[in-house]
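See structure below.
The values are calculated or read from the model by the stated rules, or taken from the named source; none is laboratory data. Everything numeric in this text was worked out from a predicted model, so none of it was measured. Methodologically, a virtual Cβ is constructed for each residue, glycine included, from the backbone with ideal geometry; neighbour enumeration extends over all protein chains shown.
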């Protein structure tokens, strides 16, 4: 049968009559968008009608719920470094985006969301599927704007892309009334935006602060680097590595920063925070100079603030001036994009090796291996642990896969133990802690990085929050490996109930459907295992399957994630058990 | 600005220069409400530059909190610049209107004298009521309430505070900086750095 290749419309000449919807889609093409995640509905129908003609330029992925759509767009943005794009209709379509917007804002993920809105003359009349989307999304967007006139669309869209991707990235929402989508106007072309007078995406780099920072680093006996996602957002992985290798400083990461430096780099000393590694947490309170790069001192990282790194001089490199001094008082603020500031700093620092200091981290690591890691990764117990599943996965992927995690115990275990050779390989809901994130985000991550293996590691709780996105996998034919670590509990809450609520297990006992049957219903092959002897072979089967595959691993029910900095405690009070 | 951030809470006058954009008031107000902070007074008005709006916000907080809030406000896309100042650093005024029964004012010469002493001005006189206006600091407008209460004060209303920064040269020069793609250093202000180890002082 002959298939007719559709030809995408070329960018029209000036003064061509276009509808608002057509102008919007031309804008997307100019901005280099290739994938849109969305769900149609009444108030966004004119845009979907126009999309019909753009099929070969703009691939549209029909999700099963708008929350799935926005998490997919987040996954896409995180794996590709590009702006994720979401379409949703008015009212419930738009309100279903809210969780994803909040997640993207706190994790600085660039998104452009387009929501349909009722006709302008119906605004405020409680029309069918009308919601105050601008009002609702204001606190969860970097910027939002309502368009009621088609002529505004090119300029507003250009602004939206500029705001979403520049500076500290974030989600942007444009709410377009149906009349503006339909309205024809004389198209004046599409010019990408690079300057908005009231918006300063990057603070001015101040040489004197860089000099002061270099002096502190050069004098330091026990310097310690903490890095976050900012290194990746600034595409500064090479600059970061160059800085580290010249200074010889040990470096630890927040979960959002995982992978910016390969796991096995000799100066990578591990993960920070509540379930981070032993050494990095303890040494935070022993270092003399703390160099924070593209991270924001989240409470899960700092523990009790008044006992956090009080002995240290703090150098904070961040693109967002509002982060400086927000949680931790800074001695030297290095405003700016670390892609620019790190090379300046590298020039001024002395070449050094902190062999003894680095060895101290390795001593702590040994203690942690003895107390926690060995038993977690190579358990002697009969039942399987989450850690050993991740360990075996590492062996098979060799650290080449993108690991997308949900939220909870499995997330902490996966982030702690996953081997990551490449940047943009750990995609997780860090700031907001959104259960249900992983499955849709993994779909998006695969679209953003089609040549890489994407493994979604999900708990039995989170899986059931967005399980409908199996339908998206089915229809799009995308290849996502789904690894469910099932402990038959809402494990992290159960752990807290065990430790801090006298084992009163209040509503954490969660049953699961037969995931293999569910997957089968969606045309996705699957398997469930509960014996260690099947683990490696089942993981191999999952990874080598030509398309998506669901593997459920039954793990021990009442395992706890350690080490742990209990809430309200200092990082140096980290517990190994 | 002092080197040591005072611990005490006091009134701060936050001046915000913004673009004229629907929804921006909401975005700014949410920065306070999210942190369960009360706005004591809020005024929006045009500024010395056409198309640029000026917010005057008064809050009762510590310098540290105010400085963080100022940065959060400045982070908003349509906000050009934020300043914060103590009452000593600004010239400020609030306006108040008082409605009093005309017969009492007419009968009692004492009332008229009190009004005059407090700088009140008659805005309108009707048969049944008279409206007075005063402009000044909070204590002054408050004081007149107390004075008029025994004489049958019918209605009282006070405006938001408006404040002019003593040290400011206005916003014209700064705006030209903003209009350039690469601004000079002087768009960064109000950044007081921690004095933890005295590496910097400002």
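Here are a few things to note about the model shown:
- Residues located in region A:92-127, provided they are part of a loop (DSSP other than H, G, I, E, B) and surrounded by fewer than 22 Cβ atoms within 10 Å (Cβ to Cβ): A:96, A:119, A:123, A:124, A:125, A:126, A:127
- Filtering A:169, A:154 for residues that are under 21 Å from residue A:321 (Cβ atoms), away from every other protein chain (no Cβ under 11 Å) and buried (at least 22 other Cβ atoms within 10 Å of the Cβ) leaves a single hit, A:169.
- Filter result for the condition that a residue is at pLDDT 95 or above, within 13 Å of chain B (Cβ to nearest Cβ) and closer than 19 Å to residue B:68 by Cβ, over A:319, A:324: A:319
- Residues of region A:399-415 classified as under 24 Å from residue A:560 (Cβ atoms) and either surrounded by fewer than 24 Cβ atoms within 10 Å (Cβ to Cβ) or without any contact (Cβ under 8 Å) to a residue 40 or more places away in the chain (or both), total: 1
- Scan of region A:351-362 for residues that are within 24 Å of residue A:576 (Cα to Cα) and touching a residue at least 40 places away in the same chain (Cβ under 8 Å), ordered by number: A:357, A:358, A:360, A:361, A:362
- Which numbered condition residue B:21 fails, given (1) in contact (Cβ under 8 Å) with a residue 12 or more places away in the chain; (2) assigned by TED's automatic domain parsing to the domain that holds residue B:131; (3) out of contact with any strand residue (DSSP E or B) (no Cβ under 8 Å at 6 or more places or on another chain): (2)
- Where a residue in region B:171-188 is on the phi < 0 side of the Ramachandran plot and at pLDDT 75 or above and its partner, wherever it lies, is surrounded by 15 or more Cβ atoms within 10 Å (Cβ to Cβ) and part of a loop (DSSP other than H, G, I, E, B), with Cβ under 7 Å and at least six apart: B:171/B:47; B:171/B:49; B:172/B:49; B:175/B:49; B:177/B:183; B:178/A:197; B:178/A:198; B:179/A:197
- Matching residues, region A:139-188, being touching a residue at least 40 places away in the same chain (Cβ under 8 Å), under 31 Å from the mean Cα position of the chain (by Cα) and under 17 Å from residue A:16 (Cα atoms): A:153, A:154
- Given (1) crowded, with 24+ Cβ neighbours inside 10 Å; (2) more than 17 Å from residue A:37 (Cα to Cα); (3) away from chain B (no Cβ under 14 Å), number of the condition residue A:133 does not satisfy: (3)
- Scope region A:417-446; condition in a helix (DSSP H, G or I) and surrounded by fewer than 24 Cβ atoms within 10 Å (Cβ to Cβ); matching residues: A:417
- Region A:327-363 - residue that is within 13 Å of chain B (Cβ to nearest Cβ) and in contact with a helix residue (DSSP H, G or I) (Cβ under 8 Å, 6 or more places away or on another chain) and, of those, surrounded by the fewest Cβ atoms within 10 Å (Cβ to Cβ): A:327
- Qualifying helices (runs of 4 or more DSSP H) (wholly inside region A:198-297; at least 2 residues being more than 14 Å from chain B (Cβ to nearest Cβ)): A:230-233, A:237-247, A:278-284
Conditions tested, residue by residue: (1) away from chain A (no Cβ under 14 Å); (2) under 16 Å from the mean Cα position of the chain (by Cα); (3) surrounded by 12 or more Cβ atoms within 10 Å (Cβ to Cβ).
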| residue | (1), (2), (3) |
| --- | --- |
| B:35 | no, no, yes |
| B:52 | no, no, yes |
| B:74 | no, no, yes |
| B:90 | yes, yes, yes |
| B:98 | yes, no, yes |
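- Any strands (runs of 3 or more DSSP E) falling wholly within region B:40-151 and containing at least 3 residues that are in contact (Cβ under 8 Å) with a residue 60 or more places away in the chain and over 30 Å from residue A:172 (Cβ atoms): B:90-101
- Region A:172-191, residues that are part of a loop (DSSP other than H, G, I, E, B) and within 14 Å of chain B (Cβ to nearest Cβ): none
- Test set (1) buried (at least 19 other Cβ atoms within 10 Å of the Cβ); (2) at pLDDT below 95 - residue A:15 fails condition number: (1)
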